[in-house]
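A.B. asks: Provided herewith is a single structure, encoded as structure tokens, for subsequent inquiry.
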Amino acid sequence: MPTLEEQIQNLPASQGVYLMEDEGGNILYIGKAKSLRHRVRTYFDSTADARYSLRFLVPKIHRVDTILTDTEQEALILENTLIKKHKPRYNINLKDDKTYFSLRFALKDDFPRLTLVRKIKKDGARYFGPFSSSAAVKETLKVLHQVFPLRTCRETNFRNRSRPCLNFQIKKCLGPCCGLVSREKYADWVQGAALFLEGKNTQLLKLLRDRMRSASKELNFEEAARIRDRIQAVEQTLFKSSSSAAASSSATSPFIFPA
């Protein structure tokens, strides 16, 4: 087996997820990075990351495995999925050193909005996370609001509005506050947003194209045009995310997502 230094030298400079193992093959820590080689090297540079727990992690590292991904969002979701599956000891220990966020859909609401939360509760809502990078999850939320016309207003504003807000005027909201969209149609967009957050982009695009065709058959051309615009927005987002990713034939682990 190559030495640890040789393994690090041979790591790709591409984005993806890394898994640090001890001599017995136990996974100690899982993380993600834009450049796997650069990120893993920082663990062995005492000036790069001074977190106390790393003093105990680094001497135990015997092997580093990597999984390449096409986009940063895919790496974010895969990291979260693998942490949930393997529960690495040092991910738990280092958790206190970071701020973890989750995304929450309050499904009991007729027109739920997606919010950032710090804790997952058993309250009937649907959660995505927790994610280890608050910056990445905030960027994901920003992109999602550009693609999916879901409401962003707080409950007090939502209940007390008498006319649509600016987001409705610029086609970034469906206007549920003023009864301009049915619960069923809004729920369809919530489903699309959930697929986007899960990285199920092929399923999402198929779903949107099916809806566009249905709207056209019903002669609802305004709705068909709205969905067409969202399809283009999704495709542009995916292209932007993956355009700088290195091509890879590396096999990736299947995603397991919460129901």
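The values are calculated or read from the model by the stated rules, or taken from the named source; none is laboratory data. Since the structure is predicted, the reported quantities are computational estimates derived from the model, not experimental observations. A quick note on method: Cβ atoms are made from the backbone with ideal geometry, for glycine too, and the neighbour counts reach across all protein chains shown.
A.B. asks: Here are Lys108, Lys87, Lys60, Lys121: which of them is at pLDDT 85 or above, within 30 Å of Glu5 (Cβ to Cβ), among the charged types (D, E, K, R) and surrounded by fewer than 13 Cβ atoms within 10 Å (Cβ to Cβ)?
C.D. replies: Lys87
A.B. asks: Another question, then. Contact list please: Cβ distance under 6 Å, first residue in region 209-220 and among the basic types (Lys, Arg), second residue part of a helix (DSSP H, G or I), pairs at least six apart or on different chains.
C.D. replies: So the pair list comes out as Arg211/Ile227.
A.B. asks: Which of the following residues is acidic (Asp, Glu) and under 22 Å from Leu78 (Cα atoms): Glu139, Glu155, Glu184?
C.D. replies: On inspection, the qualifying residue turns out to be Glu139.
A.B. asks: Report every pair of residues separated by at least 6 positions or lying on different chains whose Cβ atoms are under 6 Å apart, first residue within region 14-35 and in a strand (DSSP E or B), second among the acidic types (Asp, Glu) and surrounded by fewer than 17 Cβ atoms within 10 Å (Cβ to Cβ).
C.D. replies: These pairs meet every condition: Leu19/Asp65; Leu28/Asp22.
A.B. asks: When the residues of region 124-140 are narrowed to those that are surrounded by fewer than 17 Cβ atoms within 10 Å (Cβ to Cβ) and in contact (Cβ under 8 Å) with a residue 12 or more places away in the chain, which ends up nearest to Arg230 (Cα to Cα)?
C.D. replies: Lys138
A.B. asks: Could you please let me know if Arg51 is farther than 16 Å from Phe131 by Cα, surrounded by fewer than 16 Cβ atoms within 10 Å (Cβ to Cβ) and at pLDDT below 85?
C.D. replies: yes
A.B. asks: Here is a follow-up. For region 141-185, what are the residues that are surrounded by 15 or more Cβ atoms within 10 Å (Cβ to Cβ) and β-branched (Val, Ile, Thr)?
C.D. replies: Answer for region 141-185, where residues must be surrounded by 15 or more Cβ atoms within 10 Å (Cβ to Cβ) and β-branched (Val, Ile, Thr): Val143, Val147, Thr152, Val181.
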